[in-house]
Amino acid sequence: MSSIDAALKPRLRLRTRSEYAGWILSILLGIGILTSVLTNPNFKWGVVAQYFTHESILRGLMLTIFLTVASMTLGTLLGLGLAIMRSSHVKPIAIAANIYITLFRGTPVLVQLIFWFNISALYPNLSIGIPFTDIGTAIDMNVLMAPITAALVGLTLNEAAYMAEIIRGGFSSVGKGQIEAADSLGMSSGTRMRKVIIPQAMPSIIPATGNQVIGMFKGTSLVSVLGVAELLQSAQLIYARTYETIPLLLVASLWYLVMTLLLSYPQSKLEQKYSRTASRLPRKAKKAVVLTEPEEGNLR
């Protein structure tokens, strides 16, 4: 016969009358809102169903997914470089990374997108070549900085600043003793970063990165101001022609909601995996506290 430590037993919580009243009010309010939404003819659910899988909407959805994946991938790589620079003992490098992070986190992403779209007003031609030689070429920024290029550049540079702080926070979670042990083994700074710091920082970095992916997916709607035909812009182009504004906005909102739910599932699984990893020792301890009945002789 075995017994479980009292500290690990589930606790029973007494429900109060106010809690029951809150449940009843919430259910009644939910039924009222749902009935209003489903029975109000102005929502035009038939139009929503008609355009939900429209070719333009699906094409805009694919572009939204592309912008999310490309911006997150490039932003994460750039953010990793910025985090390493920010953690550098060389002051000018750390200061340069800090200025970048402060600048891009301190200004709205919408302003940044518009700025990059109009960068040709500052630099009409960008010359790339070897200094003090005639080797090089000039790039017309009006041609280069098309709406989708400006969207990709703006989202990537902004995301890199946030990812740099997330990654740097992960670096800080690695124990100082681990770094000192790597130094004592004669590891170079690159090897220490690659084999000691980054693997141990991943449990802190990945869950936060999942939140950034979801935020980026919804944030791509901002590039509609540049004329990029992503999901929201595709809906806007349709309702500008059909005047079905609310149903088309519902179509875009439903797709954002569906994709967010799909992205939330692997994110929750990753969080559970890394939380289990972080609490591996306490789980073993929980098994240890499951006590077996002591022998009669040991009770004396």
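With the condition kept exactly as written, say whether any residue in the stretch 21-42 is surrounded by 13 or more Cβ atoms within 10 Å (Cβ to Cβ), out of contact with any Ser or Thr (no Cβ under 6 Å at 6 or more places or on another chain), at negative phi and not in a loop (DSSP other than H, G, I, E, B).
The first filter runs over the stretch 21-42 and keeps only residues surrounded by 13 or more Cβ atoms within 10 Å (Cβ to Cβ), leaving none.
No: the stretch 21-42 contains no residue that is surrounded by 13 or more Cβ atoms within 10 Å (Cβ to Cβ), out of contact with any Ser or Thr (no Cβ under 6 Å at 6 or more places or on another chain), at negative phi and not in a loop (DSSP other than H, G, I, E, B).
Report every pair of residues separated by at least 6 positions or lying on different chains whose Cβ atoms are under 6 Å apart, first residue within the stretch 44-58 and farther than 24 Å from Val228 by Cβ, second open to solvent by less than 60 Å² (accessible area, probe 1.4 Å).
Lys44/Pro247; Val47/Glu244; Val47/Pro247
Residue pairs, Cβ under 7 Å, 6 or more apart or interchain, first in the stretch 180-193 and under 15 Å from His89 (Cα atoms), second open to solvent by less than 40 Å² (accessible area, probe 1.4 Å) and of a type outside the set (S, T, N, Q). List them.
Arg192/Ala182
Looking at Ala94, is it open to solvent by less than 30 Å² (accessible area, probe 1.4 Å), within 14 Å of Arg168 (Cα to Cα) and assigned to a helix (DSSP H, G or I)?
Values: open to solvent by less than 30 Å² (accessible area, probe 1.4 Å): yes; within 14 Å of Arg168 (Cα to Cα): yes; assigned to a helix (DSSP H, G or I): yes.
Answer is yes for this residue.
Please work out if Leu237 is at pLDDT 90 or above, out of contact with any Cys (no Cβ under 6 Å at 6 or more places or on another chain) and more than 19 Å from Phe104 (Cα to Cα).
Details: at pLDDT 90 or above: yes; out of contact with any Cys (no Cβ under 6 Å at 6 or more places or on another chain): yes; more than 19 Å from Phe104 (Cα to Cα): yes.
Answer is yes for this residue.
Here is a yes/no grid of residues against (1) closer than 28 Å to Gly219 by Cα; (2) in contact (Cβ under 8 Å) with a residue 24 or more places away in the chain:
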site	(1), (2)
Pro92	no, no
Gly106	yes, no
Val109	yes, yes
Phe115	yes, yes
Asp140	no, no
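Taking Arg86 as meeting all but one of (1) open to solvent by less than 60 Å² (accessible area, probe 1.4 Å); (2) in contact with a Lys or Arg (Cβ under 8 Å, 6 or more places away or on another chain); (3) in contact (Cβ under 8 Å) with a residue 12 or more places away in the chain, write down the number of the exception.
(1)
The values are calculated or read from the model by the stated rules, or taken from the named source; none is laboratory data. Bear in mind that the values here come from a model prediction, so they are computed numbers and not experimental data. With ideal geometry, Cβ positions are generated from the backbone for all residues, glycine too; neighbour counts draw on all protein chains shown. These accessible areas exclude ligands, DNA and RNA; they are computed on the full protein's heavy atoms, side chains included. Shrake-Rupley method; radii C 1.70, N 1.55, O 1.52, S 1.80 Å.
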